[in-house]
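Let me begin by presenting the structure, written as structure tokens, before commenting on it.
The values are calculated or read from the model by the stated rules, or taken from the named source; none is laboratory data. Predicted model only: the values in this text are computed from it and were never measured. Heads up, the Cβs are rebuilt from the backbone with ideal geometry, glycines too, and the neighbour counts pull from every protein chain shown. Heads up: the accessible areas ignore ligands, DNA and RNA and are worked out on the full protein's heavy atoms, side chains in. Shrake-Rupley method; radii C 1.70, N 1.55, O 1.52, S 1.80 Å.
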Amino acid sequence: MSKLRYDFQAIAEWIGEGETVLDLGCGDGSLLRHLADTRGVLGYGVEADPDNVKASIRNGINVLQIDLERGLAGFEDGFFDHVVMSFSLQAIHNTIGILTEMLRVGHEAVVSFPNFAYWRHRQAILNGHMPVSENLPHQWYNTPNVRFFTIADFEHLCEMNGIVIRDAIGFDEGVRVREEPNFLASVGLFRLGREH
Amino acid sequence: MTQPQSVGVVAPRTQRFTEPLLLKSGGRLEEYELVYETYGELNADRSNAVLVCHALSGSHHVAGYYADAPDNIGWWDNLVGPGKPLDTRKFFVIGVNNLGGCYGSTGPTSIDPATGTSYGANFPFVTVEDWVASQARLADVLGIQQFAAVVGGSLGGMQALSWTLQYPNRVANAAVIAAAPKLSAENIAFNEVARQAILTDPDYHDGDYTAHGVVPERGLRLARMVGHITYLSDDAMAEKFGRSLRHGKQVFSYEAEFEIESYLRYQGKKFAGYFDANTYLLTTKALDYFDPAFEYGGNLPAALSRAQADFLVVSFSTDWRFPPERSHDIVQALLHNRRSVSYAEIDSAAGHDSFLLNDAIYHGVLSAYFDRIKVTAHV
């Protein structure tokens with residue numbers, strides 16, 4: 001099993017015992033493995049990459065090989081308690097579409113993404129280069145990311161689309177940021193819902 | 001890790017059943033035989049058995065080869081053996097020839113004890129459910145209460161699915177590969193063309209061709225040719241044959257001129273030489289009839305609510321016979337019932353036939369799944 005990521009613990013705190021979780025872009029299934037072990041969740045992962053599908057199966061995870069760009073058609077409304085997307089939102093073209101789908105099939109959505117307005121990223125731009133960091137490890141010419149946005153941008157998008165932010169945590173290299181997250185946090189982790 | 005190996009020399013066995021089998025069609029077999037092969041060893045608590053179900057033209061000969069016919073290699077030999085995805089050092093693997101078949105299990109070419117002559121067209125209709133019921137009786141004889149897994153591709157995948165519905169407690173895992181929860185109208189249409197080819201062959205003689213000392217070879221050839229088209233993909237055909245001409249130029253003849261014509265004729269002729277026409281008719285009808293949701297008003301999630309097994313569902317991108325969408329239907333119905341299910345959609349150019357091929361990603365997925373199945377080790 002891969003190293004436990006710092007956002008896993010925060011995500012786990014939002015998830016109750018035995019709840020149903022869909023993890024979009026589940027990688028090798030580490031998060032669902034962690035949630036199954038610590039929360040006894042009924043989890044399903046979605047992955048497009050064949051090697052990750054294999055790794056998830058070996059990890060004892062239910063994994064479904066689906067291309068997220070095609071949406072979540074076929075999943076029933078409100079079937080999942082939580083729909084998680086960890087570090088994948090920035091790699092999907094149809095941002096609003098996937099967020100809408102997440103909140104259709106799940107009661108809550110959890111998303112984490114790299115914050116392009118992180119101060120070190122700003123510094124890189126000021127120095128004349130696209131940022132490369134722990135959470136943005138690729139060069140501009142080989143990055144899988146297709147959407148470049150900040151924590152402030154994301155908050156604005158949620159507001160525009162009637163998405164309620166129930167909780168938000170900023171991380172700087174794995175440590176929680178207490179203030180000015182759009183400047184000090186390299187990663188944003190959001191817990192989202194719908195207005196009722 | 002050791003190199004994958006063949007299971008080596010194998011020999012079929014025959015099990016006779018004298019308790020009548022009531023069939024879904026209302027028909028009845030007073031007694032019957034099933035021919036089967038096994039690979040690996042059954043462990044002490046009989047928890048490591050895996051049943052492999054065959055498709056339309058398959059048989060019990062899944063892996064290995066015969067001492068007197070070393071070229072007759074099992075149809076899924078690339079999957080089953082020491083160090084292969086279905087590792088016979090861990091699992092006790094069983095292949096069974098289905099009832100109504102023509103490879104040794106009781107079928108149209110067998111002698112009907114009531115008449116003393118071969119069943120021919122009088123062999124009763126058999127369904128996927130009937131096959132599964134007969135396989136369960138074989139499991140009883142072998143002392144297997146629960147299979148570690150039931151595995152199959154295409155029509156074999158339908159049997160694996162049906163197992164989980166007919167005997168929910170007797171299947172721990174089901175691998176449903178290149179299958180569908182029911183045939184589409186187009187699938188049935190192709191089967192009907194194949195059947196009509198046989199039924200309208202003058203040598204068919206209403207199914208009693210054996211008594212007339214002939215076989216409806218032309219019908220079988222055409223049936224296989226049309227079937228074969230549906231097993232391949234447009235891409236695979238384009239790559240393998242394209243528009244290649246055997247004489248390098250157009251000769252304006254009805255002889256096999258394009259390579260694809262030559263290939264289909266060869267496949268048809270070969271098939272007609274060994275496969276029984278009545279078995280072909282019965283088996284295509286079994287495919288057409290399979291629809292576990294039928295008695296639930298077409299509600300597949302309701303139909304699959306009985307299943308208790310963990311599932312692996314696999315489809316292939318260019319399979320237009322049973323396309324990925326049909327596997328999605330199965331996956332979503334299982335999800336609805338909160339079953340454990342993993343789904344892999346393998347990128348493959350080879351169409352429906354992909355399930356028989358040795359693709360690294362495909363076999364990697366199967367290995368990952370079978371490796372995680374826990375069975376008690378051999379003593």
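May I ask you to verify whether residue B:342 is of a type in the set (S, T, N, Q), in a helix (DSSP H, G or I) and within 11 Å of chain A (Cβ to nearest Cβ)? Spelling it out, it is not the case that residue B:342 is of a type in the set (S, T, N, Q), in a helix (DSSP H, G or I) and within 11 Å of chain A (Cβ to nearest Cβ).
Scanning the stretch A:38-91 for residues that are of a type in the set (A, V, I, L, M), over 20 Å from residue B:332 (Cα atoms) and free of Cβ contacts under 8 Å to residues at least 24 places away in the same chain yields a total of 0.
When we screen B:348, B:317, B:305 for residues that are surrounded by 22 or more Cβ atoms within 10 Å (Cβ to Cβ) and in the same structural domain as residue B:50 (by the TED database), the only hit is B:348. Residue pairs whose Cβ atoms lie under 6 Å apart, separated by 6 or more positions or on different chains, with the first residue in the stretch A:175-196 and assigned to a helix (DSSP H, G or I) and the second open to solvent by 50 Å² or more (accessible area, probe 1.4 Å), are A:183/A:119.
For the structure I just gave you, tell me whether residue A:84 is over 17 Å from residue A:144 (Cα atoms), of a type in the set (A, V, I, L, M, F, W, C), open to solvent by less than 20 Å² (accessible area, probe 1.4 Å) and away from chain B (no Cβ under 14 Å). Yes: the conditions hold for residue A:84. Does residue A:97 satisfy the condition of being open to solvent by less than 50 Å² (accessible area, probe 1.4 Å), part of a helix (DSSP H, G or I) and among the small types (Gly, Ala, Ser)? Judged against the criteria, residue A:97 is a match. When the residues of the stretch B:292-301 are filtered to those that are more than 13 Å from residue B:332 (Cβ to Cβ) and not in a loop (DSSP other than H, G, I, E, B), which remaining residue is nearest to the other protein chains (Cβ to nearest Cβ)? Per the criteria, the residue is B:296. Taken residue by residue, the stretch B:304-314 has no member that is within 14 Å of chain A (Cβ to nearest Cβ) and free of Cβ contacts under 8 Å to residues at least 24 places away in the same chain.
Out of B:359, B:353, B:288, B:371, one residue alone is acidic (Asp, Glu), under 26 Å from residue B:74 (Cβ atoms) and away from every other protein chain (no Cβ under 14 Å). It is B:353.
Exactly one residue among B:64, B:40 is under 20 Å from the mean Cα position of the chain (by Cα), in the same structural domain as residue B:177 (by the TED database) and closer than 23 Å to residue B:373 by Cβ, and that residue is B:64. The residue of the stretch B:320-339 that is surrounded by the most Cβ atoms within 10 Å (Cβ to Cβ), among those that are assigned to a loop (DSSP other than H, G, I, E, B), more than 10 Å from every other protein chain (Cβ to nearest Cβ) and touching a helix residue (DSSP H, G or I) at 6+ places or on another chain (Cβ under 8 Å), is B:322.
Listed here are the residues, each with its yes/no results for (1) within 23 Å of residue B:354 (Cα to Cα); (2) modelled with pLDDT of 95 or more; (3) hydrophobic (A, V, I, L, M, F, W, C); (4) surrounded by fewer than 18 Cβ atoms within 10 Å (Cβ to Cβ).
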| site | (1), (2), (3), (4) |
| --- | --- |
| B:248 | no, no, no, yes |
| B:251 | no, no, yes, yes |
| B:259 | yes, yes, no, yes |
| B:265 | yes, yes, no, yes |
| B:268 | yes, yes, no, no |
| B:271 | yes, yes, yes, no |
| B:278 | no, yes, no, no |
| B:281 | no, yes, yes, no |
